[in-house]
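What follows is one structure encoded as structure tokens, with my remarks underneath.
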Amino acid sequence: MPAEPSAHRIRLRGPWEVRPHADDVSPGTMTVPGTLRDGGWAGFAGRVSFYRRFGRPSNLGPKETVWLVFERVVGRAEVRLNNQALGPVEGAGSVEVTGRLAARNSLEVIVEATDDGCGIAGEVVLEIRIAQG
């Protein structure tokens, strides 16, 4: 998914917490983008939560908006920001989050993994766009 013209992008890379929703599977961390197999959960299938914390972008102008962009998610997923549902994503998608951001934020992506090839396989970015109009 290409960036909007004159958009500034902040990648939410690096370690994400991973918590499989299964009693016999230990939580851990992994680098996103990646699949469960890449992160060390080979053979896992089921519900799994990916968590990442981040700060609100500073110096936002009055015409700037912040979008949460998913370039590739493998498996059906639900996205939550600061414990509020943002909606589903499967494949790729974006949602405007400017008014929902706090100084410190918690992002959760709950993936229904049909196999260990599922996960957040593409970049997750905060995209700062200039509002049109």
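The values are calculated or read from the model by the stated rules, or taken from the named source; none is laboratory data. This is a predicted model, so every value here is computed, not measured. Every residue, glycine among them, receives a Cβ derived from its backbone with ideal geometry; neighbour counts consider all protein chains shown.
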Qualifying position, being crowded, with 20+ Cβ neighbours inside 10 Å, of a type outside the set (Gly, Ala, Ser) and at pLDDT 95 or above, among Leu81, Leu107, Leu86, Leu101 | Leu107
Only one of (1) touching a strand residue (DSSP E or B) at 6+ places or on another chain (Cβ under 9 Å); (2) in contact (Cβ under 8 Å) with a residue 60 or more places away in the chain does not apply to Ala22, and that is (2)
Determine if region 57-67 includes at least one residue that is closer than 12 Å to Leu101 by Cα, touching a strand residue (DSSP E or B) at 6+ places or on another chain (Cβ under 8 Å) and hydroxyl-bearing (Ser, Thr, Tyr).
-> yes
Do we have Ile128 as β-branched (Val, Ile, Thr), crowded, with 18+ Cβ neighbours inside 10 Å, touching an Asp or Glu at 6+ places or on another chain (Cβ under 6 Å) and touching a residue at least 12 places away in the same chain (Cβ under 8 Å) here?
-> yes
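Which strands (runs of 3 or more DSSP E) sit wholly inside region 71-133 and have at least 1 residues that are basic (Lys, Arg)? Before the answer, list the steps.
On the way: elements: 84-96, 104-113, 124-130.
Output list reads 104-113, 124-130.
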Evaluate the following for Arg52: is it buried (at least 19 other Cβ atoms within 10 Å of the Cβ) and out of contact with any Pro (no Cβ under 7 Å at 6 or more places or on another chain)?
-> no
